[in-house]
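Working notes, beginning with the structure itself.
The values are calculated or read from the model by the stated rules, or taken from the named source; none is laboratory data. Quick caveat: nothing in here was measured; it's all calculated off a predicted structure. Cβ sites come from the backbone with ideal geometry, for glycine too, and all protein chains shown count toward neighbours.
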Amino acid sequence: MPGRHVMGEQPPLSFKKTDECHTSPLAKRLLQIENLQEVFLGSDFITISKQADQDWYVLKPLILGALMEAFVNGLPIYQESGDPVKSTPVSDDPLVNQICELLETRIRPAVAQDGGDITFEGFEDGIVYLRMKGACSGCPSSSATLKSGIENMLKYYVPEVLEVRQVND
């Protein structure tokens, strides 16, 4: 539904078929649809992943029906769980803070335009560990994005960064 906010200013959330989904009635409803694997709720978009052997033309009416029901009836997209999700860790290490600032201000907005998200998982021995989410998770281009785009940018602004590696589930 163009123009509708999903998460607004809240950090993006990702739910898989195996998750409880207690914080998102919408994700829970969508993941009840057979052959869907993941629901990613971004600021103003929703990314849905399906099993590779399934056709979108079969799933699309079910997905759109669940989305329309939620938005037209004003059903909650998510519910506060009491534990706020932080995309940027607070650290005493100025390098980690610099890396996270670059991720927040330059990289995450670009990745969100492709229906995904990226989160900082750690920095150790010059290696930055990042997790791709949403449409970027499992995307064949994500490794090229990490190496060509993100790694080059981080190396340029933070010379102590030697490499960027993707963390997988």
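What the table below lists for this structure:
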item	result
Subset of the stretch 119-169 (residues that are among the aliphatic types (A, V, I, L, M) and touching a helix residue (DSSP H, G or I) at 6+ places or on another chain (Cβ under 8 Å))	V128, L130, M132, I150, M153, L154, V158, V161, L162, V164
Unique match (being surrounded by fewer than 14 Cβ atoms within 10 Å (Cβ to Cβ), closer than 24 Å to L36 by Cβ and either modelled with pLDDT of 90 or more or outside the structural domain of S49 (by TED's automatic domain parsing) (or both)) among S148, S141, S137	S141
Members of the stretch 33-55 found to be in contact (Cβ under 8 Å) with a residue 12 or more places away in the chain, in a loop (DSSP other than H, G, I, E, B) and farther than 15 Å from I77 by Cα, listed by number	I33, N35, Q51, Q54
